[in-house]
Amino acid sequence: MRIVSVVGTRPQLIKAAALLPALRSRHDEIFVDTGQHYDDAMAGSFFAELGLPRPDHSLGIGGGSQAEQTGRMLPAVEAVLAATAPDAVLVYGDTNSTLAGALAAAKLRIPVAHVEAGLRSFDRRMPEEINRVVADHLSRWLFAPTPTAVANLAREGIVDGVVLVGDVMRDLAARVSVEVRDPAALTETGLGLTPGDYLFATIHRAENRTGPAIAAWTALFADVATADRPVVLALHPGTRAALDASGASLPSSVRIVEPQGYRTTLTLQLHAAAVLTDSGGVQREAAWLGVPCLVLRSTTEWVEAVEESDGRMVVVGLDRDRARQALERVAPAESGPAAARARAADLDLHPAGAADAIVAALEGDR
């Protein structure tokens, strides 16, 4: 088969790094990067770190509003599809790149394969929710990562083409986990951290870049950070710009760092006392690594991650009191270092086998 894969963001590059080796070993795969994450800190370094091939087509479409960005992507993706005439177009997740790839393919009557199909927050205020719903209803192959995702699709009348494959991100996390277990990996970050003596945080979603949301999460971070246990905040460039524009400030106990590479992000999660995030990817990684995690949203698509965490993962939104109380329960300061060291020493993460399952499903329905 000739398959065009459309990516555009760091999380999609992670998923592609897990799937592309299996895909390219048996099929003609054409790799398209829309450029949605368009600076080197956000995406460029990931190609070398993850062993990804350079894109066959780099569209360079970043910035702008949701509508502007998607609108510019559509004709650019359409031109690639018209020139390459693929048998299928593969899209990942829930971004503007996902929506543009699915729409362009569907309008050209090219079958769509959606990796991470069926996820639902049931919050239509999220642009990601709109993107994933549309992509699912346009897709011929729907590769669901969880049983809940399969059930969500069935409730919307989507049954044909649905395959429960597991999570491709787990495949890559399992591959890399051996490299990050040793506390020496934390030393190599150059951030001067020791296991269990810090909290690791990320925040990037559109709803958390509004003025009221920024006021809420800066207050939350300031409340849980201390000189002895700082919050290390890997800050998305868009969130940093929104923070600067808002005039809000953070205390010195919140250390802002640039977005980190994949291995460094896993390292910082594994050896932290706890993780605070609004990222679905980081949430899942924390679950696989066994790290206590506070989800900085009111809902999550990854319900299994919460339900199967034995109470380590808590959805707290931006409520500082709930966050503080949750941390006191799941990651008390006095036991943080010992818990982090034991967690890293015992880590034995197995792959989901999602990449092979996706390739097998594509081959079985030709």
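The values are calculated or read from the model by the stated rules, or taken from the named source; none is laboratory data. For clarity, every value in this text was computed on a predicted model and none was experimentally measured. Cβ: placed from backbone, ideal geometry, glycine included. Neighbour counts: every protein chain shown. Ligands, DNA and RNA are excluded from the accessible area calculation, which covers all protein heavy atoms including side chains. Shrake-Rupley method; radii C 1.70, N 1.55, O 1.52, S 1.80 Å.
Note on the chain: with neighbouring protein chains present and a 1.4 Å probe, carbon and sulfur make up 52 percent of its accessible heavy-atom surface. A Förster distance of 30 Å, applied to the separation of the beta-carbon atoms of SER335 and ASP123, puts the FRET efficiency at 0.30.
A simple spin-label model places the labels of ASP348 and ALA85 5.2 nm from each other, with each point 7 Å out along Cα-to-Cβ.
GNM remark for the chain: springs join alpha carbons under 10 Å apart, and the peak mean-square fluctuation among SER65, SER121, SER252 falls on SER65.
Full extension of the chain between HIS27 and GLU207 gives 60.9 nm of extra length, using 0.36 nm per residue less the Cα-Cα distance. When the charge dipole of the chain is built from unit charges on Cβ atoms (+1 for Lys and Arg, -1 for Asp and Glu) and taken about the Cα centre, the candidate among PHE143, VAL4, PRO195 whose Cα reaches farthest toward its positive end is VAL4.
The residues of the range 36-155 have, on average, 40 Å² of accessible surface per residue, using a 1.4 Å probe with all protein chains present.
In this simple spin-label model, placing a label point 7 Å from the Cα along the Cα-to-Cβ direction at both SER252 and THR226 gives a separation of 1.8 nm. Per-residue Karplus couplings for the range 181-197, computed as 6.51 cos²θ - 1.76 cosθ + 1.60 with θ equal to phi - 60°, are listed in order as 5, 5, x, 4, 5, 5, 4, 5, 5, x, 9, x, 9, 10, x, x, 9 Hz, Gly and Pro entered as x.
Please state the shape class of the range 166-281: rounded when a/c is under 1.5, otherwise prolate if a/b exceeds b/c and oblate if not, all from the C-alpha gyration tensor. Don't jump to the answer; show the numbers that get you there.
Working: a/c = 2.30, a/b = 1.43, b/c = 1.60.
Cα axes put the range 166-281 in the oblate bin.
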